[in-house]
Amino acid sequence: MSENNNHANLDIVRKGLLERIASGEPVEKVLRSTELKALYSEIPTLPTELRAEYGKQVNRLKQELEQAAGEQAAEAESLPPIDVTAPFDVNTPPDKRPELLSARVGTRHPLTREIDLMLDIFYRMGFSAVESRLLDDDYHMFESLNFPNDHPARDDYDTFMTEEGLIAPAHTSTMQNRVLRANKPLLERGEDIRVVVPGRVFRNEDLDATHEHTFYQLEGVVVGRGIHAGNLVATLRTFLSEYFEQELQAKIQPFYFPFTEPSFELAIERPEILRKDDSEEQKWLELLGCGMIHPNVLKHAEIDPAVYTGFAWGGGLERLVMMKNNIEDIRHFESAKLDFLRQFQS
Ligand code: FA5
């Protein structure tokens, strides 16, 4: 290699290594780099008369790198510390910084607040509460609820499921079997099972002002000796009048669910704001499904239906909150719109 070639190569390596230091690469790493080592290993290969001069130049480069690193470290120390949690670059001048919301403006989501109010009513009526799951399986969604395989009622639930068979629950009734099994010792002690289950549910649904794909339900399960449909009606009436703080027009009509027999649907009178027209159909808002727990559901939880009976219900939580607060569209709840949420500051 000629003298000129060596100098050109040294210049290229020098430039590359200085750039690496400037971009923040640790100097120890740059000093151990193969490029620098290659320069040193070239020295013994040169003609004797060139070695001394070339060796000096390589040493000078090494000193230069060390000095550049020293300068960089001093510069880093002089920078103001960075607050990694700040929502803007600390170097932004004060008048250009984004306006921050005061932490005092934040409140609980209206649904959270209303769920707590509803649970309080049920606690006073002797219920305990357990939350439902966000992922479930075929047994809890269908089989334990007396939906035989290939039963057409499975299609009513517009259920999201993965190819592996995991299910995003379409109703809180998926918890019935677990609640019954977990609370069976109460029955053996002569007490009733009284449990409510609030939870998030998912349906592949056509969306409109009263239908969401993701919404909340509140399930209730009561089992004991001699429990009958009169207890079901009394429990729901007590809850509704406590929650709405007034007597509401409600109607119960026969319905079909595989997991209750007989089954009913409870509707309450829609406020004007939630009516599309004056038709009879628009007068009522379907609020919940309910009924006497089917003997097969009790058997799936190893509870003897000849000894114990019970009732269950499951209703849409948003619809209750909409009725109480005159909210005209269910989609506001998941919209994260501050204009909507700020109306519920308390
Ligand atoms: C059920 O989900 C049954 N699991 C209820 C039940 C429980 C019956 C226990 C018997 C015993 P249904 O699909 O009708 O039933 O839904 C119950 C309630 O959820 C409805 O009355 C309504 O208030 C609410 N709901 C249903 N679909 C939607 C939706 N897309 N958006 C908002 N609320 C809904």
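The values are calculated or read from the model by the stated rules, or taken from the named source; none is laboratory data. Computed from a prediction, not measured in an experiment: that's the story for all the values here. Cβ sites come from the backbone with ideal geometry, for glycine too, and all protein chains shown count toward neighbours.
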Any residue at all in region 162-180 that is within 16 Å of the ligand (Cβ to nearest atom), at pLDDT 90 or above and over 30 Å from Glu261 (Cα atoms)?
-> no
So, in region 27-50, of the ones that are surrounded by 12 or more Cβ atoms within 10 Å (Cβ to Cβ) and under 48 Å from the mean Cα position of the chain (by Cα), which residue ends up farthest from Leu65 (Cα to Cα)?
-> Ser33
Lys62 versus (1) in a helix (DSSP H, G or I); (2) within 30 Å of Gln217 (Cβ to Cβ): which is the lone unmet condition?
-> (2)
Would you mind finding the one in Tyr139, Tyr157 that is of a type in the set (Phe, Trp, Tyr), surrounded by fewer than 17 Cβ atoms within 10 Å (Cβ to Cβ) and in the same structural domain as Leu338 (by TED's automatic domain parsing)?
-> Tyr139
Find all pairs meeting these conditions: Cβ atoms under 7 angstrom apart; at least six residues apart or on different chains; first residue within region 37-50 and in the same structural domain as Asn9 (by TED's automatic domain parsing); second residue of a type in the set (D, E, K, R) and assigned to a helix (DSSP H, G or I).
-> Ile43/Arg51; Leu50/Glu3
Out of Val179, Val222, Val197, report the one residue that is touching a Phe, Trp or Tyr at 6+ places or on another chain (Cβ under 7 Å) and β-branched (Val, Ile, Thr).
-> Val222
Which of the residues that make up region 326-346 are within 16 Å of the ligand (Cβ to nearest atom) and either within 29 Å of Phe142 (Cβ to Cβ) or of a type in the set (Asp, Glu) (or both)?
-> Glu328, Asp329, Ile330, Arg331, Phe333, Glu334
Output the qualifying pairs, or none if there are none: Cβ atoms under 9 angstrom, residues six or more apart or on different chains, first residue in region 240-258 and more than 23 Å from Ile293 (Cβ to Cβ), second residue outside any loop (DSSP other than H, G, I, E, B) and more than 16 Å from the ligand (Cβ to nearest atom).
-> Glu242/Ile121; Glu242/Arg124; Tyr243/Leu117; Tyr243/Ile121; Glu247/Arg237; Glu247/Ser241; Leu248/Ser241
The lone exception for Glu131 - which of (1) away from the ligand (no atom under 15 Å from the Cβ); (2) closer than 15 Å to Ala312 by Cβ; (3) under 24 Å from the mean Cα position of the chain (by Cα) it fails | (2)
Among residues of region 160-169 being out of contact with any strand residue (DSSP E or B) (no Cβ under 6 Å at 6 or more places or on another chain) and in contact (Cβ under 8 Å) with a residue 12 or more places away in the chain, the residue surrounded by the fewest Cβ atoms within 10 Å (Cβ to Cβ) is Gly165
Determine which member of the set Arg97, Arg108, Arg133 is under 20 Å from Val197 (Cβ atoms) and surrounded by 10 or more Cβ atoms within 10 Å (Cβ to Cβ).
-> Arg133
Residues satisfying the stated conditions in region 198-219, i.e. out of contact with any Lys or Arg (no Cβ under 9 Å at 6 or more places or on another chain) and either under 22 Å from Leu236 (Cβ atoms) or not polar (S, T, N, Q) (or both) = Pro198, Arg200, Val201, Phe202, Arg203, Glu205, Asp206, Leu218, Glu219
For residues that are within 26 Å of Asn325 (Cβ to Cβ) and surrounded by fewer than 17 Cβ atoms within 10 Å (Cβ to Cβ), tally how many sit in region 212-233.
-> 3
Checking Met323 against (1) crowded, with 16+ Cβ neighbours inside 10 Å; (2) within 21 Å of Arg203 (Cα to Cα); (3) more than 8 Å from the ligand (Cβ to nearest atom), which test does it fail?
-> (2)
